[in-house]
Amino acid sequence: MRNAYTLLGLAFIIVFVAAYILFDRAYAPVVDETLLDNTVTMSLTLTSSAFGHNETIPPQYTCDGVNTPPPLSVSGVPEEAAALVLVMDDPDIPNEIKEAQGIQKYNHYVVYNIPPDATDLSTGVMEGTPGLNSRGDDSYMGPCPPAEYEPTEHRYVFRLYAVNEELTFETTPTLDEVEAAAKEHMIDQTELIGRYERQQ
């Protein structure tokens, strides 16, 4: 009988302790672990109010319109960045053009040494030094995929680099030269892809 009372007492104690632990956990304050780290890291981001990622670029920013760069916005630039670099190219050029010109993509736009505090890369607002496109000048060339070749819809890749020092060149550089230099000093990078197909 005594053993029975002893076992009953132990069982009661175990149940009581378990109930207390469950109660304590149920009403314990919930701690948001993300608040424990005061350092909030933001990755470099490039967006446009004219189109979303992998969406169609409006005709006004192409050879079928006024042919000016689309509005671009920057966020999440690293504090240690000394400059930004923006390039745009077309990797979907026809094989006929690749073979004839000995290229793998068509370079449309390049600007380097953009101030790191820049948030608006719109026409007339953006500061920086232009480089050469595939046509050999330092202007923006909007999307203009030739309708007689497949694919008729091309991707236009805007790449943004944050670099830890300004880039210097003896002569006006090409997009490829700027991008190679940017990659040597890159802190962060991002890209925005737009698409365009000319209407018949």
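Between beta-carbons, use under 14 Å as the cut-off and find the net charge around residue 136, counting Lys and Arg +1, Asp and Glu -1.
Details: positive: 135; negative: 137, 138, 176, 177.
Here the charged neighbours net out to -3.
With +1 assigned to the C-beta of every Lys and Arg and -1 to the C-beta of every Asp and Glu, and no other charges, what is the dipole magnitude of the range 115-200 about the Cα centre in debye, to the nearest 20?
Working: 6 positive and 18 negative charges, 75 e Å.
Dipole magnitude for the range 115-200 comes out near 360 debye.
FYI, it's all coordinate maths here, none of it is from the lab. Remember, predicted model here, so these are calculated numbers, not experimental data. Heads up, the Cβs are rebuilt from the backbone with ideal geometry, glycines too, and the neighbour counts pull from every protein chain shown.
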